[in-house]
Structures are given as structure tokens and as C-alpha cells.
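J.: Sharing a structure, written as C-alpha cells. Questions coming.
A short reminder: the numbers here are calculations on the coordinates, not readings from a lab. Quick caveat: nothing in here was measured; it's all calculated off a predicted structure. All Cβ positions, glycine included, derive from the backbone under ideal geometry; neighbour counts span all protein chains shown.
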Amino acid sequence: MARLIGGVGSSHVPAIGNAIERNLQSDPYWQPFFKGYEPVWNWMEEKKPDVAILVYNDHGLNFFLDAMPTFAIGAAAEYQNADEGWGLKPLDPFQGDPEFSWHLIDSLVHDEFDITMCQEMKVDHGFTVPMSLMWPRQQGRDRVKVIPLCVNVVQYPFPTARRCLKLGEAVGRAVASYEADLDVVILGTGGLSHQLDGQRAGHTNREFDTEFLDRLKDDPEWLLKYSNYELAEKVGPQGVEMIMWLIMRGALGNDIRELSRNYHIPISNTAAGVILFENEAV
Amino acid sequence: MTMRSLKGKRPIPGTIIFDGSQAIRGYQLNKMCYSFNKAENRDAFLKDEDGYCDKYGLNDDQRAAVKERDVLKLLGLGGNIYYLAKLTGIFGLNMQDIGAQQAGVSLEEFKAKLLAAGET
């Protein structure tokens, strides 16, 4: 059976992709951010997961507003990155695991989650930046197969935080029921607090983000008391992306250990966070 | 046409929620911006901005705001920030440039405010 060995929460700001491309990891602006990933790099190197389920949102590369799925899962053998219009250099394609994708889709739909199934899916910076952050070298990215799980946090109404947590729990059940000898990690990406639009652009909220990170392991339900509108007020309309971390958290169950965490303001306009959980149940 | 889940909510200062009303208002504008994922469309826009806006059926207010590169106005006219970023990217403006523009401060002030938030 497949084993969900751990999960990572991580921001996915496009500027990070630029910094990696330009090798700025040791630059004073970037160093406090990238040093937070060292424990993740070491853990990935040690554990060598076979598959990564990557929870993210598309920002207008694959999905336009003509048809916006709430939850979409890729079921392709390969996922291409592409030009998003403002200069980030596309990365090499990522290898999928269609059989596992279809198992995940089948399991989730029979668990009452209505999934949009995608046999072709371009992945944007929301996907590629976390991949580069988890596996900085091409060799590492080539080793791991990916399953993109795309969430609508662009066009209101978004799925509720509760729905995301429950979807995560269902993903956990789906992984546990897959009859293949695979080590799987799940990445919940986006956030933390940031606001890109309006006169309040540049808004961040350290206090809220810190409480979110503090409670994520033992009390993820804490976030559920806020509607997405209330969250937008607290952490900015784009900060609401943190609900995608709940999918990661829900998948892991309650027998987990926090191995590392980092929080840094600012990366571009964003309060950036990273947290690593190991599943003690497998 | 306020959605039930948004009725009676107090407005968030300096913030527009991209809801159904905004999505309707900005559909053509966002569709044009979506086309800028392709380099040849960015080139076509630069060659003939008016013609390109015609092709996508932008209204007069949207066309004027595109001409002014005014992100706040474009947001009010239904633009979504991720799509608008593809438009402003054509002029070499990144998220921090347009953040400063919307906040009504210089880029240096905008960056300084973010750095200050990291020090508290």
C-alpha cells in the first residue's frame, strides 16, 4: 500500500522562481527565506518520496474564468510549464503518475468530492515554485512523480476552509487505499498573508500567520471559524490561499511531528512560510 | 447582484473582492489579459493597442484605464489582479511596481513598508 510519509506547507510567490533562476539564495534579502528550506531539502534527500501530491492554485495559465473548477486533479503522464506573460522562464516538464491520479480521482468522487479531471494541464508558478523549493536540483525533480491538485482561490466563492480540511482527509484515505509500494508526500502551497490588489496592497499579518502556524499541527480546525471573507480581511484576498495548507494537513491525520518551520516577511509582497510535518503513523 | 454569502458584509478597506459581479464586469478585459500568456499576442497588443482592445470588446472605460496603465481603475472595472499582472508585465511592471502604484506610494516606500513589517 502507498504510504503518506509527510507533508509540507509552503508559499509559492513567483519572485522565488526568479531568485532561484538568478542564484540569489545567499543574497541578504533571500537568505532568511531560503535557509528555512534546508531541513526540507535534507528530509526529501533522506526520504526520497516517489510521488508528490501538490496542492496549489492556477493563476490564469491553465484555467481561464470561462470555466473555473473548484477542485481539479491532473491525470496526465506529463505536465508542462509555460510562459505566464511576465517573464518567468518555463521549467522542464514534470512526470505524472496517471494510474495513481485516476485512483485518487475515483476514491475522492466515491467519497463525495466532485473533482474536475484533467488529462491535459499546464502548471504555473503556483506549482513550479514549490517543486523548485522542495527539490532545488533538476535531478531531484526528475525523480519524483507529481499529481497536481488545483484549488480555486481566484474567483469568489472559494471552497470553504472546512471543505479543504475534509478534502485533505479524503486524500489521506485515497493514498492509504492505493495498492502500490510508494512513499508519498503532500505539499500544501500558497499564502501566507499577502494582498496584491487594491489600495491595501502590501498588507501582511504576522500575528494571524503565526497563530495559524502554531495551531496547524494540533488544532487545524481553528482556521474554520473564519469565513473566506473574514480571512480576506485578516490576511488579504490572496492570503486566503492558506486554506490549501489545510488539504495537506487533513491528509496527514493526527499522528504527526513538526520537524521544522520558518516564517519570513517580506518575499516580494508576501509573508512567506514553510512547515514540515512527518507522519509517525507509517 | 451581490451573492448571498457576501450580503451585509462590512467592506474591507482598500480591497475589492473578485466576486460574480466583478467577474461579469471584467470578463472581456480579463480575457484579453489571458491572451497575453502568448508572446505573439503581447507583440500584437504593443503594435496596435486600440485594435487589440477592439478585438476583445473592451468598453470605453476599460480602454481608457488600459491606456493609463491604471491598475486600481482596472480592478474597479472588473479586472482580476492575476490577469492584470499579465498586462502590466508587458510594460515591465512587476507585482511590487503595481502594488506601489495601487497603494499610492513610491516603489521605495512600498518596499520599505514591507521590510518594516518583517521587523516587528
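J.: Please give the helices (runs of 4 or more DSSP H) falling wholly within segment B:1-119 in which 3 or more residues are within 26 Å of A:Gly236 (Cα to Cα).
T.: The helices (runs of 4 or more DSSP H) meeting that bar are B:20-25, B:27-35, B:60-68, B:71-76, B:81-90, B:95-103, B:107-119.
J.: Name the residue, out of A:Glu258, A:Glu278, A:Glu230, that is farther than 21 Å from B:Ala100 by Cα and within 14 Å of chain B (Cβ to nearest Cβ).
T.: A:Glu230
J.: With respect to A:Phe208, is the statement that it is touching a Ser or Thr at 6+ places or on another chain (Cβ under 7 Å), more than 11 Å from chain B (Cβ to nearest Cβ) and in a helix (DSSP H, G or I) true?
T.: For A:Phe208, the condition - touching a Ser or Thr at 6+ places or on another chain (Cβ under 7 Å), more than 11 Å from chain B (Cβ to nearest Cβ) and in a helix (DSSP H, G or I) - is met.
J.: Output the qualifying pairs, or none if there are none: Cβ atoms under 9 angstrom, residues six or more apart or on different chains, first residue in segment B:91-120 and within 7 Å of chain A (Cβ to nearest Cβ) and among the charged types (D, E, K, R), second residue assigned to a helix (DSSP H, G or I) and surrounded by 14 or more Cβ atoms within 10 Å (Cβ to Cβ).
T.: Listed by first residue and then by second, the contacts come to B:Lys113/B:Ala103.
Yes/no per residue for (1) surrounded by 19 or more Cβ atoms within 10 Å (Cβ to Cβ); (2) not aromatic (Phe, Trp, Tyr):
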site	(1), (2)
A:Leu24	no, yes
A:Asp27	no, yes
A:Pro32	no, yes
A:Glu38	no, yes
A:Trp41	no, no
A:Leu61	yes, yes
A:Glu78	no, yes
A:Gln95	no, yes
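J.: Listed residues A:Pro90, A:Pro69; which is more than 29 Å from A:Asn279 (Cβ to Cβ) and in a loop (DSSP other than H, G, I, E, B)?
T.: A:Pro90
J.: Follow-up. Which one is nearest to the other protein chains (Cβ to nearest Cβ), of the residues in segment A:261-275 that are among the aliphatic types (A, V, I, L, M) and over 19 Å from A:Ala52 (Cβ atoms)?
T.: Checked segment A:261-275; the qualifying residue nearest to the other protein chains (Cβ to nearest Cβ) is A:Ile265.
J.: Does any residue in segment B:16-44 that is under 15 Å from B:Leu72 (Cα atoms) come within less than 7 Å, Cβ to Cβ, of a residue that is buried (at least 20 other Cβ atoms within 10 Å of the Cβ) and among the acidic types (Asp, Glu) six or more places away or on a different chain, and which pairs are these?
T.: B:Ile16/A:Asp197
J.: If you check B:Gly79, B:Gly99, B:Gly26, B:Gly51, which single one turns out to be of a type in the set (Gly, Ala, Ser), out of contact with any His (no Cβ under 9 Å at 6 or more places or on another chain) and surrounded by fewer than 16 Cβ atoms within 10 Å (Cβ to Cβ)?
T.: The conditions single out B:Gly51.
J.: Answer yes or no as to whether A:Leu196 is more than 10 Å from every other protein chain (Cβ to nearest Cβ) and either at negative phi or touching a residue at least 24 places away in the same chain (Cβ under 8 Å) (or both).
T.: Judged against the criteria, A:Leu196 is not a match.
J.: Taking the condition more than 30 Å from B:Gly104 (Cβ to Cβ) and within 16 Å of the chain's Cα centre (by Cα), does A:Leu213 pass?
T.: yes
J.: Here's something else I'd like to know. Kindly indicate the residue of segment A:29-66 that is within 14 Å of chain B (Cβ to nearest Cβ) and outside any loop (DSSP other than H, G, I, E, B) and also nearest to A:Gly250 (Cα to Cα) among those meeting that condition.
T.: In this case the residue turns out to be A:Tyr56.
J.: Can you give me the number of residues within segment B:23-56 that are over 13 Å from A:Gly85 (Cβ atoms) and facing chain A (nearest Cβ under 8 Å)?
T.: Adding up the residues that qualify gives 3.
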